[in-house]
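Colleague: Supplied in structure tokens, the structure appears directly below.
The values are calculated or read from the model by the stated rules, or taken from the named source; none is laboratory data. Worth saying up front: this structure is predicted, and the values here are computed from it rather than measured. Here the Cβ is made from the backbone with ideal geometry for all residues, glycine too, and neighbour counts use every protein chain on show.
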Amino acid sequence: MVICCAAANCSNRQGKALRGAVSFHRFPLKDSKRLIQWLKAVQRDNWTPTKYSFLCSEHFTKDSFSRRLEDQHRLLKPTAVPTIFRSSQLCQLHPFLEPGRRYCFHKIMSP
């Protein structure tokens with residue numbers, strides 16, 4: 001099975017990038033509060049993630065990760081919420097934005 005990023009306008013998939021450059025993270029299906037935050041951030045209409053749905057590391061800030069002591073493997077923190085997305089619509093609405101460049105358009109946090 002090929003792992004692909006579920007974010008709109010993201011073409012990252014496992015094996016496409018250099019090994020370790022992009023990591024993939026499952027949606028928090030068993031944590032309903034956090035799942036709602038992820039779904040709001042992803043903004044995909046009429047879509048429900050499954051156990052086979054992933055987001056790539058490019059949609060998380062650097063402080064969303066920690067390193068495992070034994071081997072320095074990058075781990076997504078249990079509180080992490082994706083905040084970085086590309087939007088071709090925003091580039092059309094705001095001509096000063098560069099298409100293809102990543103912008104942090106919104107941060108979704110619950111009190």
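Colleague: For region 72-87: of the residues being surrounded by 13 or more Cβ atoms within 10 Å (Cβ to Cβ) and modelled with pLDDT under 75, which is nearest to SER23 (Cα to Cα)?
Modeller: Ranking the candidates gives ARG86 first.
Colleague: Tell me which residues, restricted to region 29-52, are buried (at least 19 other Cβ atoms within 10 Å of the Cβ) and not in a helix (DSSP H, G or I).
Modeller: Those that are buried (at least 19 other Cβ atoms within 10 Å of the Cβ) and not in a helix (DSSP H, G or I): none in region 29-52.
Colleague: Only one residue in LEU97, LEU69, LEU90 is farther than 22 Å from ASP31 by Cβ, part of a helix (DSSP H, G or I) and modelled with pLDDT under 95, so which one is that?
Modeller: Details: LEU97 fails: part of a helix (DSSP H, G or I); LEU69 fails: part of a helix (DSSP H, G or I).
The unique qualifying residue is LEU90.
Colleague: Then there's this: Looking at region 22-37 only, could you name the residues that are under 16 Å from SER64 (Cα atoms) and polar (S, T, N, Q)? Working first, answer last.
Modeller: In the first step, residues of region 22-37 are kept if they are under 16 Å from SER64 (Cα atoms); the result is 22-28, 34-35, 37.
Matches in region 22-37: SER23, GLN37.
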